[in-house]
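Notes for the one structure printed next.
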């Protein structure tokens, strides 16, 4: 599971977490704001898509090189590879305010690389066809849910606390199942994981859209794009991993 920490500030700007812009602006200024919002969200999606692509390439190359099979043996190196993305998420989450934008960008690309190393374990366990099917299903669901979050007029901010609590519950359940090794619990965790991160995709998209109003013309805007990409990356990857865990076909 890749959703270790929420890198998002909790403050809300103009109009609350999902409400309309609470200012009276001239038509020209509104048009400028809307164009800037579209560029902002497009930049987030471009960063996220590029990061996912980079992770996929790294995972594929690492697996084909043979090093993944050697590294993912359950020893200290495998745990280092699996947990190393957490260090990047924590650094970006708690240190972004003190970092230059270029540093945050470099950390994001570094995260995508080590995440690719971690995801190579999936290529060793599941068939390529089932991985592709799970990924395209996850990508389609992500696109639809993110569109809902971007376009809906309904305030989704109330979902946030509930969904984060659901993530914590998933982590606890996964830790418990490491000892129980229950197939039924594993399937339940996977099913709930898909639902929770589906909800987070819509919620996070709406939150990022509202965040633009707070950061409009702010020096933090560049960092916000990268952190937003990280957030949506984690949503997509978690949907993919949970889908794969109950629909994927393992190698013989």
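Quick notes on this structure:
- If you go through segment 90-116 and pick out every residue that is closer than 25 Å to residue 62 by Cα and not in a helix (DSSP H, G or I), you end up with 0.
- Unique residue being in a helix (DSSP H, G or I), surrounded by fewer than 20 Cβ atoms within 10 Å (Cβ to Cβ) and in contact (Cβ under 8 Å) with a residue 12 or more places away in the chain when the list is 87, 133, 49: 133
- Checked against the criterion of being within 16 Å of residue 239 (Cα to Cα) and either over 18 Å from the mean Cα position of the chain (by Cα) or modelled with pLDDT of 95 or more (or both), the candidates 136, 179, 108 yield just one match: 136.
- Qualifying residue in segment 150-157 (condition: within 26 Å of residue 52 (Cα to Cα), assigned to a helix (DSSP H, G or I) and without any contact (Cβ under 8 Å) to a residue 12 or more places away in the chain): yes
- Residue in segment 139-168 that is modelled with the lowest pLDDT, counting only those that are farther than 23 Å from residue 229 by Cβ and over 18 Å from the mean Cα position of the chain (by Cα): 158
- Criterion applied to 54, 77, 61 was being at pLDDT 95 or above, over 30 Å from residue 207 (Cα atoms) and in a helix (DSSP H, G or I), and the one residue passing it is 61.
The values are calculated or read from the model by the stated rules, or taken from the named source; none is laboratory data. Only a predicted model underlies this, so the values are computations on that prediction, with no experimental measurement involved. Cβ coordinates were reconstructed from backbone atoms using ideal geometry, including for glycine residues, and neighbour counts include every protein chain displayed.
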